[in-house]
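What follows is one structure encoded as structure tokens, with my remarks underneath.
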Amino acid sequence: MYSHAGVGAPKDRRRWGLCLTTGKQGAAYPSRQSGRNLITVITAVHTLIYSEDPDSTRAFLRDVLAWPNVDAHGGWLIFKSGPSELGVHPISDERHIEWSTIPHHEISLMCDDISETMEELLDRGAEFAGPLQDQGFGLTVMMRVPGAPDMMLYQPKHPIAFSL
């Protein structure tokens with residue numbers, strides 16, 4: 001299903017074409033500025049977790065989250081994490097209240113029903129740090145990841161982009 005760029009795009013906007021740089025086929029979307037068709041050349045987003053105990057972190061992703069994976073070499077697993085979306089947040093708001101002290105990246109895992117998902121993950125051995133909270137944008141809980149910082153699990157209340 002995710003073998004090429006443009007899967008899931010609205011059919012009325014998508015046209016297939018060749019990327020002028022690589023010559024590969026991809027989805028073309030009309031540019032709002034020029035009216036020309038732009039070719040999607042990004043095929044996926046690769047995220048990284050830097051871990052103090054990579055074997056434990058990989059085991060958690062494989063056994064608790066049950067993510068399919070490939071062995072790149074010698075137990076170095078790369079996981080299929082499913083559909084994704086990317087948001088860009090400011091480091092402060094219009095009142096100059098800081099949300100974080102420096103620009104950084106963050107990984108959050110999304111689900112449809114957080115209570116059901118937590119129950120399933122608890123049965124698989126997951127641990128959660130703190131209670132379920134309503135953050136406005138969604139229902140959230142921090143999940144412990146062995147060898148790595150806690151990761152947010154959330155049920156979004158906002159419109160989602162990963163199904164576009």
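From Gly125, Gly130, Gly136, grab the single residue that is free of Cβ contacts under 8 Å to residues at least 24 places away in the same chain and part of a loop (DSSP other than H, G, I, E, B).
Working: Gly125 fails: free of Cβ contacts under 8 Å to residues at least 24 places away in the same chain; Gly130 fails: part of a loop (DSSP other than H, G, I, E, B).
One residue alone meets the criteria, Gly136.
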For this session: Give me a count of the residues in the range 71-125 that are surrounded by 10 or more Cβ atoms within 10 Å (Cβ to Cβ), at pLDDT below 90 and aliphatic (A, V, I, L, M).
Result: 2
Exercise. Any idea which of Leu20, Leu65, Leu61 is at pLDDT 90 or above and either out of contact with any helix residue (DSSP H, G or I) (no Cβ under 9 Å at 6 or more places or on another chain) or at positive phi (or both)?
Worked result: Leu61
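The values are calculated or read from the model by the stated rules, or taken from the named source; none is laboratory data. If you're wondering where the values come from, they're calculated on a predicted model, not measured in any experiment. Here the Cβ is made from the backbone with ideal geometry for all residues, glycine too, and neighbour counts use every protein chain on show.
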